[in-house]
Amino acid sequence: MSTYFPSGKNLAENRKWFVVDAKGKTVGRLSTEIARILTGKNKPDWTPFLDMGDHVVVINARHAIFKGTKNEQKKYYSHSGYPGGLKTTSVKKMFAETPERIIEKSVKGMIPKTKLGRAMYKKLKVYADADHPHKAQNPEPIEIETI
């Protein structure tokens, strides 16, 4: 008796495309499910050192929500690398300017920080509104339940 072990061949050819509507969904709970799909942990043949995940297109990122007081209190930090170069951006300002980056940053923090994680992250496409240029791939709509 032997254990099934997937080979790394034909992984890119067998990837599916999914589209997720973020309208009215909580950012954190939405991001965890997206990260599971990108890493392939939702599949029964998941292997930790292979990129088994699928492509995910997120639409309506502008309409995702934060629960509680995060909308007023949460800040995003970036540093230029120079002394005194710390910059802070509030969630309200980020939603107004680039709402896609909120979901991108949230998902990026949930995938591995390795070469494999960077390959997984490249399969994420986030758009602020409902239209996207990936209609030719025939993405399947997937409903993510956030409570």
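Every number here is computed from the coordinates shown, using simple stated rules; none is lab data. Here the structure is a predicted model, which is why all the values come from computation and not from measurement. In this analysis, Cβ positions are derived from the backbone assuming ideal geometry, glycine residues included, and neighbour counts consider all displayed protein chains.
Quick notes on this structure:
- Rounded to the nearest 10 degrees, the inclination of helix 27-39 to the longest alpha-carbon principal axis of the chain is 30 degrees.
- In this structure the amide hydrogen of residue 25, modeled in the peptide plane, comes within under 5 Å of the amide hydrogens of 65, none closer than 5 places in sequence on its chain.
- For the chain, relative contact order (Cα pairs under 8 Å, six or more residues apart, normalised by length) works out to 33 percent.
- If you take the Cα centroid of region 23-63 and the Cα centroid of region 77-138, the two points sit 14 Å apart.
- Gaussian network model of the chain, springs between alpha carbon atoms under 10 Å - residue of 31, 106, 80 with greatest fluctuation: 80
- DSSP-defined antiparallel bridges as percent of all bridges, region 19-147, nearest 5: 40
- Per-residue Karplus couplings for region 67-74, computed as 6.51 cos²θ - 1.76 cosθ + 1.60 with θ equal to phi - 60°, are listed in order as 9, x, 9, 4, 4, 9, 9, 5 Hz, Gly and Pro entered as x.
- Cut-off under 5 Å, modelled amide H: who pairs with residue 128 long-range: 61
- Listed values for region 102-112 are Karplus-derived 3J(HN,Hα) couplings in whole Hz (6.51 cos²θ - 1.76 cosθ + 1.60, θ = phi - 60°), namely 5, 5, 4, 5, 5, 6, 4, x, 9, 10, x, and x replaces Gly and Pro.
- Computed from the C-beta positions of residue 136 and residue 4, the FRET efficiency with R₀ = 35 Å rounds to 0.60.
- Taken one residue at a time, the phi angles of region 77-92 give Karplus couplings (6.51, -1.76, 1.60, θ = phi - 60°) of 10, 9, 10, 7, x, 9, x, x, x, 7, 10, 10, 9, 7, 5, 4 Hz. Gly and Pro are set to x.
- Residue 19 long-range amide H proximity, modeled H, under 5 Å: 57, 140, 142
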